[in-house]
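Report on the structure given below.
The values are calculated or read from the model by the stated rules, or taken from the named source; none is laboratory data. Note that this is a predicted model, so its numbers are computed, not measured. With ideal geometry, Cβ positions are generated from the backbone for all residues, glycine too; neighbour counts draw on all protein chains shown. Protein only, heavy atoms only, side chains kept; ligands, DNA and RNA dropped before computing areas. Shrake-Rupley method; radii C 1.70, N 1.55, O 1.52, S 1.80 Å.
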Amino acid sequence: MIKLLFPTPINISTLKEPTHLIYDEVGFLLNKGYTNKVISGVNGDRIDITNEFFEKENLTYIPTLLNNIQKNILSFCKDICIKPQYITESWININPTNSYNKRHCHPGSVISGTYYIKYPVDADSPICFYRSREFSDYGWAYAADRDVDELKSYYSHHPCENELIMFPSYLDHDVVSNHSNDSRVSLAFNTSP
């Protein structure tokens, strides 16, 4: 009997959010100066979502989006048999042409994820997930005799607008350079119990 141990659950689903209205609120926050150019990928912007937004600014669609993401997180937790997790931090990434997010994971969190507010069709900018280094060090990455996801050292996914991707926070990932002349915009988050 062959048993696949330690599977890595990744949830990819499409939401039904008004992305153009969410994008308008992102533009409003950028114009108000809620940005940090240092934290995100090369040449990108990051807006940390704080309670200040909800106290000072009249936002409608970003809070609604966060509530809907939270519902999806709770459903994901139930599906994979873990305790309920709740969003502890969230931020918006704005990645213009040639901007990317370096390989990283999210220590101190259980589930992390990304919701794509705007994803240009010509971006050719997948999110890539990686196995642990040991997988490659011991030759498994090169031992496969056919192309199956279970034996790959990485998995890349080309997202689309309104797509929500959730994954274990320990999973290394990056986002390839945006090849479009238009910005890629996403809302990312971390959770804890």
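Our estimate of slack between Leu5 and Asp124, defined as 0.36 nm per intervening residue step minus the Cα-Cα distance, is 39.6 nm. Here the alpha carbons of the range 40-193 define both size measures, Rg and Dmax, at 16.6, 57 Å. Residues Arg133, Arg46, sorted by accessible area with the largest first, give Arg133, Arg46 [1.4 Å probe; ligands and nucleic acids excluded]. For the chain, the number of Lys pairs with C-alpha atoms closer than 21 Å, counting only pairs eight or more positions apart or on separate chains, is 10.
Counting heavy atoms of the protein chains alone, Ile10 has an accessible area of about 60 Å² for a 1.4 Å probe. Considering only Ser109, Gln70, Leu15, the residue lying farthest towards the positive end of the dipole of the chain is Ser109, judged by Cα position with unit charges set on Cβ.
Equivalent-ellipsoid semi-axes (√(5λ), Cα gyration tensor) for the range 1-110, whole Å, largest first?
Values for the range 1-110, descending: 29, 19, 13 Å.
Rounded to the nearest 500, the helix-only mean residue ellipticity at 222 nm of the chain stands at -7000 deg cm²/dmol, with each DSSP H run of n ≥ 4 adding -39,500 (n - 2.57).
Just the protein heavy atoms count here, and of the accessible area of the chain at 1.4 Å, carbon and sulfur take up 52 percent. From the alpha carbon centroid of the range 1-69 to that of the range 75-93 is 14 Å.
Using a cut-off of under 16 Å, list every residue of the range 156-193 whose amide N is near the label point 7 Å from the Cα of His20 along the Cα-to-beta-carbon line. Those under the cut-off are 161-162.
Would you mind getting me the FRET efficiency between Lys78 and Arg146? Use the beta-carbon distance for r and R0 = 35 Å, nearest 0.05. Between Lys78 and Arg146 the formula returns 0.55. The alpha-carbon atoms of the range 12-72 define a convex hull whose volume equals 114 cubic angstrom per residue. Rounded to the nearest 10 degrees, the angle from helix 19-31 to the longest Cα principal axis of the chain is 60 degrees.
Given a 1.4 Å probe, how much area per residue of the chain is accessible, in Å²?
Per-residue value: 57 Å².
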